[in-house]
Amino acid sequence: MVKVWIPHEEGRTLLGDLPFGVELEVCPDPRSLPSDPADLRFWVPPFLATARATEVLAKLTGLEVVQLLSAGADTWVGRLPAGVQLCDARGVHDAPVAEWVVGATVGMLRQFPAFVRAQAREDWAYDEYMPTAELTGARVLIVGAGSIGRAVERHLAPFEVTVTRVARTARPDDDVHGVADLPELLPHADVVVLVVPLTEQTRGLVDARFLAAMRDGALLVNAARGPVVDTAALLTELAEGRISAALDVTDPEPLPAGHPLWQLPNLFLTPHTGGSVRGLLPRAYRLVGAQLRRFAAGEPLVNVVENGY
């Protein structure tokens, strides 16, 4: 018998046909367990579960697999007992996050947030904000050359942009630069998109030196994780008005009331919504169902997180 916890009741139908012996239980909150945790073998935690969810791990003595619904695994890396496989939802969020990146980029370059504020004032603000920048023909630097980064590039293609790719290490055969090349690349980018996982190597990657290397008028778009960016350094640059930013994630997160980021006119902010679309659960549970069929058949799993990425 393979006991499985999933966080949504609708997941039962979205998983597809499962092998005999797979027993599904719904566990939307790890603080309220549906049955004996020692019998659990395959766990699908809630989407964007916080570190508090990992507190239950000590009780899951029979656990073999943690399958995430998120592309990022930073909450879980280094916290699982030995022998437990960690799998992320790579591929599930590519399209919606890429949509958010393109939408936020177009919105900021075309001054949509400023026009929303003008609309609230009943102010026809043409003379104040025109002409705007544009995405068409822009030079875009994508920091993160994984599946989401590739999806962002595909979504940008109709805008005839020039894309430069950056990963942790250079891959010349794929036209991918390494992080070490950023000081040379940043001054030439109109838009800098962050879609890297949060690791010890990427935490604080976007620091004062990184931001200072960005050209005047450039746009920083963070669809990764909040701690990838040094918030204090970003505040300094934004307050000076030299660059602008679109953030789906912040550090701290959620952003508390009264934080100075809220009041910056050159910042567009959404509350970590990049992957939160109506199509999330069908796509995510298709992956989970495929993983369960592999697990029950003794086959290797996909999207296994190795050594923290």
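The values are calculated or read from the model by the stated rules, or taken from the named source; none is laboratory data. Since the model is a prediction, treat every value here as computed from it, not as a measurement. Here the Cβ positions follow ideal geometry from the backbone for every residue, glycine too, while neighbour counts run over all protein chains shown.
Residues that are in a loop (DSSP other than H, G, I, E, B) and out of contact with any His (no Cβ under 8 Å at 6 or more places or on another chain) were ranked within the range 41-58; the one that is surrounded by the fewest Cβ atoms within 10 Å (Cβ to Cβ) is T50. Considered as a group, the residues in the range 1-40 that are among the hydrophobic types (A, V, I, L, M, F, W, C) and part of a loop (DSSP other than H, G, I, E, B) include one that is nearest to A89 (Cα to Cα), and that residue is L15.
Looking across the range 278-309, the residues that are surrounded by fewer than 17 Cβ atoms within 10 Å (Cβ to Cβ), under 20 Å from the mean Cα position of the chain (by Cα), over 16 Å from G72 (Cβ atoms) and in contact (Cβ under 8 Å) with a residue 24 or more places away in the chain come down to G279, P282, R286, V302. Within this structure, L14 passes the test of being touching a residue at least 24 places away in the same chain (Cβ under 8 Å) and either surrounded by fewer than 20 Cβ atoms within 10 Å (Cβ to Cβ) or outside the structural domain of E55 (by TED's automatic domain parsing) (or both).
So that you can scan it fast, the table gives a plain yes or no per residue for (1) hydrophobic (A, V, I, L, M, F, W, C); (2) buried (at least 18 other Cβ atoms within 10 Å of the Cβ):
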| position | (1), (2) |
| --- | --- |
| L18 | yes, no |
| L63 | yes, yes |
| W76 | yes, yes |
| R79 | no, no |
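Selection of the range 254-269 for residues being crowded, with 16+ Cβ neighbours inside 10 Å and in a loop (DSSP other than H, G, I, E, B) yields L255, L264, N266.
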